[in-house]
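Read through the structure below, which is laid out as structure tokens, and then see the notes.
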Amino acid sequence: MGKRKATEQDMANIVAEWAVRQIHNTDASRAAFRNLSPEVQGQIHGWAADERQRRADGITLTD
């Protein structure tokens, strides 16, 4: 467990993780996500996974 200063990438990861959760809320949002290129879908899921890993590692972000 530790603390570190938040980076711009951390903020992108947090937003991506939130977005992935929202994507699964409705059929329309799932359809919109599927219309993105596979590369973009993969990048968003990758950033979200990085955020989940940071939390699993117990790292707290500070400002």
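Looking only at the stretch 29-49, residues that are surrounded by 15 or more Cβ atoms within 10 Å (Cβ to Cβ) and over 28 Å from T60 (Cβ atoms) come to 2 in all. List pairs: first in the stretch 1-28 and more than 20 Å from V40 (Cβ to Cβ), second part of a loop (DSSP other than H, G, I, E, B), Cβ under 9 Å, 6+ apart or cross-chain? Going by the 9 Å Cβ cut-off, the qualifying pairs are M1/D57; M1/G58; G2/D57; G2/G58; K5/D63; A6/D63. Looking only at residues in the stretch 50-60 that are within 15 Å of the chain's Cα centre (by Cα) and in contact (Cβ under 8 Å) with a residue 12 or more places away in the chain, which one is most open to solvent (accessible area, probe 1.4 Å)? Within the stretch 50-60, the match that is most open to solvent (accessible area, probe 1.4 Å) is R52. Taking the stretch 16-38 as the range and being assigned to a helix (DSSP H, G or I) and either in contact with a strand residue (DSSP E or B) (Cβ under 9 Å, 6 or more places away or on another chain) or closer than 25 Å to R54 by Cβ (or both) as the test, the residues that pass are A16, E17, W18, A19, V20, R21, Q22, I23, S29, F33, P38. Quick one: is V15 at pLDDT below 95 and among the hydrophobic types (A, V, I, L, M, F, W, C)? Against the criterion (at pLDDT below 95 and among the hydrophobic types (A, V, I, L, M, F, W, C)), V15 does not qualify. Selection within the stretch 4-28: residues that are surrounded by 10 or more Cβ atoms within 10 Å (Cβ to Cβ) and over 16 Å from the mean Cα position of the chain (by Cα). The member of this set that is farthest from G58 (Cα to Cα) is T26.
The values are calculated or read from the model by the stated rules, or taken from the named source; none is laboratory data. Note that this is a predicted model, so its numbers are computed, not measured. Note that we place each Cβ from the backbone using ideal geometry, even for glycine, and neighbour counts take in every protein chain shown. Side chains included, ligands, DNA and RNA excluded: accessible areas come from the protein's heavy atoms. Shrake-Rupley method; radii C 1.70, N 1.55, O 1.52, S 1.80 Å.
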